[in-house]
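Okay, here's the structure, questions in a sec.
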Amino acid sequence: MIDYDQVLYADRYGLVQRAGIGRRGNLLVAIKNLFFTVFRFPECRSCEFLFFRSLVRGDYKNLLSDVASSVGSGERVIVEDYIRKSSKPALRAFWVVFKLLPRFFSFKADSFYERVFLYLRLCFYYRILAAVSKFEFGVLVLFADMQPTENLLAQYFRRKGKKTVTLQHGLYADYRDYPTVNVINYLHQPSEYFLAWGRDTAELICRSGDNRKVVICGKPSVAVSSPVKKAREEGKAEGLKYFTVVLDQNVFQEQNVEMLGLMVEYAKSKDLIMNVRYHPGNNRRFYADLCAGCVSDLDLDGSVFVVGHTSSLLHEMMVLGVPVFKFLSDIPCVTFPDDLVFDSIDDLRKVMGAARETDFRSLSNEYIAYFGDESLEKYGEFFSALKNDRAVALYERL
């Protein structure tokens with residue numbers, strides 16, 4: 001049986017977050033998504049590996065493209081960024097609503113309104129499933145199988161005997177009892193294999209469920225190269241005059257504001273330019289006053305140093321040898337060296353002074369074990385083994 005509570009977990013959690021638009025607003029959104037969308041998929045053909053991504057973000061697109069490049073172009077099909085709005089209702093949606101009625105009571109709901117909303121979302125995911133089912137493939141590679149669509153695909157096709165794999169799309173923190181939907185990152189893994197960046201996440205995945213098969217493959221790319229990065233590697237860092245503050249997702253807005261306030265004062269005291277890297281979900285207008293006089297979106301690897309809160313970009317910059325420091329808070333996050341954590345300007349000065357001889361590249365190995373060509377080789381090795389039924393020899397029992 002498919003676990004529909006797992007498929008719909010994020011939607012159910014999201015209803016609380018979207019309470020502001022009201023019941024009618026939520027139902028209208030669900031109806032529009034179900035009936036007034038069309039899917040633009042690649043040409044349907046047989047392939048060994050079907051790569052699928054439901055999360056829409058530029059950096060996610062790049063990551064999936066990198067991983068997919070580890071198998072031959074003739075062996076793969078990539079399905080991504082496929083949803084388009086339509087002015088005409090999709091006739092198939094009406095058929096799906098009728099066909100799935102026996103599943104109307106197959107998941108948890110706290111009210112009839114919530115059940116109707118979740119049912120509409122489930123019907124939408126089944127529309128996507130029907131479209132994906134037209135492909136003939138041997139291995140389904142999902143970008144993030146905790147997401148509703150991908151969770152349904154993983155459960156459905158694994159029950160059909162297909163090989164299923166999911167990638168790691170960020171560094172996952174163990175939230176324990178902290179209330180956040182992000183717990184699904186490690187609690188929900190319906191795919192047979194999980195391809196991890198490093199041991200830190202691999203161990204979290206393994207201890208969060210039974211019989212998890214984890215293979216550490218690293219992350220093929222960690223940042224966009226720039227002339228400044230080349231200068232750093234040649235020991236010519238004297239000309240670097242900006243540092244970067246990496247903002248977190250909106251649920252940590254309070255910490256973003258506090259961190260920005262500290263770093264604005266630090267920038268003034270050091271006569272340095274402050275570069276702000278916004279999270280894709282941030283409302284930049286909200287931070288306009290705090291960030292007045294700052295620049296944004298310069299290359300991270302050109303920074304004198306990088307400061308953040310819980311963003312995995314901190315660990316990715318470690319791979320490139322860029323000094324990174326974490327703003328202290330009570331929010332659960334990925335493990336981070338205690339001697340690189342600060343909660344005030346004076347504290348930051350102390351940890352920066354103590355970190356002058358720190359080898360940040362070595363520190364990164366726990367989080368991103370391989371990168372660049374070495375990582376691509378690991379992915380290629382895994383997919384080749386999986387294709388030939390030898391993957392069991394690769395996964396780690398952590």
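Looking at residue 48 and the list (1) within 26 Å of residue 297 (Cβ to Cβ); (2) touching a helix residue (DSSP H, G or I) at 6+ places or on another chain (Cβ under 8 Å); (3) among the acidic types (Asp, Glu), which single condition is not satisfied?
Of everything listed in (1) within 26 Å of residue 297 (Cβ to Cβ); (2) touching a helix residue (DSSP H, G or I) at 6+ places or on another chain (Cβ under 8 Å); (3) among the acidic types (Asp, Glu), residue 48 misses just condition (1).
Inspect all residues belonging to the stretch 102-125 and state whether any of them is outside the structural domain of residue 282 (by TED's automatic domain parsing), polar (S, T, N, Q) and either assigned to a helix (DSSP H, G or I) or within 26 Å of the chain's Cα centre (by Cα) (or both).
no
Those residues that are free of Cβ contacts under 8 Å to residues at least 60 places away in the same chain and within 20 Å of residue 46 (Cβ to Cβ), I need them from the stretch 121-160; list them, please.
Result: 129, 130, 133, 157, 158, 160.
Out of the strands (runs of 3 or more DSSP E) lying entirely within the stretch 127-230, which hold 3 or more residues that are over 18 Å from the mean Cα position of the chain (by Cα)?
137-142
To continue, here is another question. Do you know which residues across the stretch 23-47 are among the hydrophobic types (A, V, I, L, M, F, W, C), part of a loop (DSSP other than H, G, I, E, B) and surrounded by fewer than 13 Cβ atoms within 10 Å (Cβ to Cβ)?
Passing the criteria: only 44.
Suppose the filter is in the same structural domain as residue 55 (by TED's automatic domain parsing) and either among the acidic types (Asp, Glu) or at pLDDT below 95 (or both); does residue 209 pass it?
yes
Pick from the stretch 161-190 the residues that are in contact (Cβ under 8 Å) with a residue 24 or more places away in the chain and of a type in the set (Gly, Ala, Ser): which of them is farthest from residue 60 (Cα to Cα)?
The extreme case among them is 173.
Among 50, 64, which is surrounded by 15 or more Cβ atoms within 10 Å (Cβ to Cβ), of a type outside the set (D, E, K, R), at pLDDT 95 or above and in a helix (DSSP H, G or I)?
64
Where in the stretch 300-398 are the helices (runs of 4 or more DSSP H), entirely inside, with at least 2 residues that are farther than 27 Å from residue 68 by Cβ and of a type in the set (A, V, I, L, M, F, W, C)?
Output list reads 345-354, 360-363.
The values are calculated or read from the model by the stated rules, or taken from the named source; none is laboratory data. Since this is a predicted model, take the numbers as computed values, not measurements. As a convention, Cβ positions derive from the backbone with ideal geometry for all residues, glycine included, and neighbour counts pool all protein chains shown.
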